[in-house]
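Accompanying notes for the structure given below.
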Amino acid sequence: MRLINEFDFWVVAKARLAFMDEKELLDSAKKGDHRSFAILFREHYPLLVKYLLKITMDPDLAEEFAQAAMARCVEKIHLFKGKSKFSSWLISIATNLYIDHYRKLKRERQWSEGETNARKLQWQLESRNEEWTDALAALSKLSEEMRIPIVLKHYYGYSYDEIGEILNIAEGTAKSRVHHGLLAVRRELKLDDRS
Amino acid sequence: MTDHKKIQQENERINEELFATVTLLNEGLEKLDSIDSIPHDEKWFEQFVLMEKENIKRKFRKELALFVLCAMFIISGVLFSFFEIPQLFFVLQAAAIAIMIGYGFRSAAKRVDSP
């Protein structure tokens, strides 16, 4: 009898969690409820991985950094004040973790890794009968400093101000990186020679 | 044609070119969305959170133990010097105060120099 009651309690608790909105889930997660965390992560994980795939150009790194961002989120949830969307906060954490990793790689002079990652992604896309476009190839050749702001601005629709906040750079720097990044893509695609 | 009009036309041309580039990029990026992430169920996420919380607790305990050890080492050094070699204790105190004053002056001078 006691077991059935306990089971009922968890079923009701789970059903209640499923109907909670994001703010309630965040409040509950801040109080230490791991189920609220699990629901929030389940909702945002695919978006996070897809975003990371676009900036890392590597499916394995995308999964790895999505999990690292979730781990950091569990540790720092008390710092989330709700000024931005939870997804933006996760994106910001993941981006900064990736930038730290990229800087470390740069110091260790492992230049060839980026090209290998892109080839892996190209193979994965082509195995799904999707075309690896010239634009994707050009984007994969850009440095992270330019690629990330372009993806955030033109694919996810963030403002320059928000991009500046995510990357800890000035709004003008974000704007300049997007502009120069697009010019670099045009050069890579040889569009300027055609026009 | 005035210079102003020429500049305006040039800007419009550049904007159109950049817009075309963005369209090409977005078409490519949309294809990447067809690659699904590894599916995980709610149980997996729950386990993940519980494991992370355990890691955080372990890290905290480790850091606390290290802090207590360092504090005990410093306090035992201070007490030893105070009771056994009082001269050394006072020399160390004077040196610590001198370093703090020197550091304070240097920081203040840096602030004045900065634009």
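Observations
- Extension gain, A:I169 back to A:S88 (0.36 nm per residue minus Cα-Cα distance, nm): 27.5 nm
- Ordered by the number of other Cβ atoms lying within 10 Å of each residue's own Cβ, fewest first, A:S176, A:S28 fall into the sequence A:S176, A:S28.
- Within segment A:29-138, the GluC sites (Glu not before Pro) that combine a DSSP coil assignment with at most 14 other C-beta atoms in a 10 angstrom radius are A:E108, A:E131.
- An oblate overall shape is assigned to chain B, the ratio a/c of its alpha-carbon gyration tensor axes (a ≥ b ≥ c) being 1.5 or greater and a/b not exceeding b/c.
- Helix runs (DSSP H) in chain B reaching 30 Å along axis by Cα, Kyte-Doolittle at least -0.5: B:42-84, B:86-113
- Pair B:F90, A:K76: separation of 7 Å Cα→Cβ label points (nm): 5.0 nm
- Of the two radii for the protein assembly as shown, the radius of gyration is 1.12 times the Kirkwood radius, both from the alpha carbons; that is the Rg over Rh value.
- Debye-sum result for segment A:15-164 in log10 I(q)/I(0), which assumes one identical scatterer on each alpha carbon, at q = 0.11, 0.12, 0.18 Å⁻¹: -0.48, -0.57, -1.10
- In segment A:33-139, trypsin sites (Lys or Arg not before Pro) in a DSSP loop with at most 14 other beta-carbon atoms within 10 Å: A:K81, A:K83, A:K85, A:R109, A:R128
- Residue order, fewest to most surrounding Cβ atoms within 10 angstrom, among A:M70, A:M146, B:M100: B:M100, A:M146, A:M70
Since every read-out is calculated from the coordinates, none of them should be taken as a lab result. Here the structure is a predicted model, which means the values were calculated and not measured. With ideal geometry, Cβ positions are generated from the backbone for all residues, glycine too; neighbour counts draw on all protein chains shown.
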